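Q: Mind looking over this structure? Questions follow.
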Amino acid sequence: MYFDPLYLLLTVPGLVISLLASWYVKSTFSRYDKVLGARGMTGAQAADAMLHANGVYNVRINCIDGFLSDHFNPADNTLNLSSAVYNGKSLSAVGVACHEAGHALQKATEYPWLGMRSSLVPLANIGSQFSYLVLMAGLLFQMTPLLYGACILFGCAFLFTIVTLPVEWDASARAKTALIQCGLLSPQEEKHAAAVLNAAFMTYVASAISALLTLLYYLFRAGILGGRRRD
């Protein structure tokens, strides 16, 4: 291919923002991972208590490998917690576990944004994997339909990052409420756990910003923004 200064100009800032957000969440998690909760509950126990308090009993909680690899899988209704969160008794572990339990509650209450995000997953995967190849083909062969197609493909990936924001914010809000209402943490401890959740949310904001900058690159190269396309 060829060196494209515009690509670097629009995508490097997004990469830097994403790296800073990732560093921030990891450092915040590590800081409060050293602070044990007064009740001595593990992340798995806290998530289970939060689910049961809200009448949800059909979610299986699993322990998985990886660091901050925690996630809820709506397809099989499993809450998958990394070992540090599943077995951990720190404020970080309890906060992250309850955040993932928040996603389980979203499914149980048919939270519309969660359903929308799940429906976008296939399109987002296709868009992120093939849009750049389609864009390069369009530039190489000077085929405008391919350039427009690349924009649509990556637009699906960008839309996924936008829809993810309310889903993640709501899951954290549910977790913060449960930490107090279910007696999992004291009000002072909840503030520290909330700091971990807020830091984690910033990674999704960074991802959305990065995707927006990349989409702008696609639009400029397709000639949709900035006037006539430069070959």
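The values are calculated or read from the model by the stated rules, or taken from the named source; none is laboratory data. No experiment lies behind these values; they were computed from the predicted model shown. Backbone-built Cβ (ideal geometry, glycine too); neighbour counts: all protein chains shown.
Q: Which members of region 175-193 meet the condition of being among the small types (G, A, S) and over 20 Å from F72 (Cα atoms)?
A: Within region 175-193, G183, S186 qualify.
Q: Checking the structure you have, find out if any residue of region 57-72 is under 16 Å from R39 (Cα atoms) and modelled with pLDDT of 95 or more.
A: no
Q: Looking at region 86-142, which of its residues are touching a Pro at 6+ places or on another chain (Cβ under 8 Å) and of a type in the set (K, R)?
A: K107
Yes/no per residue for (1) under 26 Å from R60 (Cα atoms); (2) at pLDDT 95 or above; (3) surrounded by fewer than 22 Cβ atoms within 10 Å (Cβ to Cβ); (4) touching a strand residue (DSSP E or B) at 6+ places or on another chain (Cβ under 6 Å):
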| site | (1), (2), (3), (4) |
| --- | --- |
| H103 | yes, yes, no, yes |
| G155 | no, yes, yes, no |
| L159 | no, yes, yes, no |
| L179 | yes, no, no, no |
| S186 | no, no, yes, no |
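Q: In region 67-82, what count of residues is obtained for those that are among the small types (G, A, S) and surrounded by fewer than 12 Cβ atoms within 10 Å (Cβ to Cβ)?
A: Final tally of qualifying residues: 1.
Q: Look through A193, A124 and report the one residue that is touching a Ser or Thr at 6+ places or on another chain (Cβ under 9 Å), touching a residue at least 60 places away in the same chain (Cβ under 8 Å) and either more than 30 Å from L51 (Cβ to Cβ) or surrounded by 16 or more Cβ atoms within 10 Å (Cβ to Cβ) (or both).
A: Of the residues listed, the single one that is touching a Ser or Thr at 6+ places or on another chain (Cβ under 9 Å), touching a residue at least 60 places away in the same chain (Cβ under 8 Å) and either more than 30 Å from L51 (Cβ to Cβ) or surrounded by 16 or more Cβ atoms within 10 Å (Cβ to Cβ) (or both) is A193.
Q: Sticking with this one: Among the residues of region 36-54, which ones are in contact (Cβ under 8 Å) with a residue 12 or more places away in the chain and either exposed (fewer than 15 other Cβ atoms within 10 Å of the Cβ) or among the hydrophobic types (A, V, I, L, M, F, W, C) (or both)?
A: L36, A38, G40, M41, A44, A46, A47, A49, M50, L51, A53
Q: Among the residues of region 59-71, which ones are over 21 Å from T177 (Cα atoms) and not aliphatic (A, V, I, L, M)?
A: Within region 59-71, R60, N62, C63, D65, G66, F67, S69 qualify.
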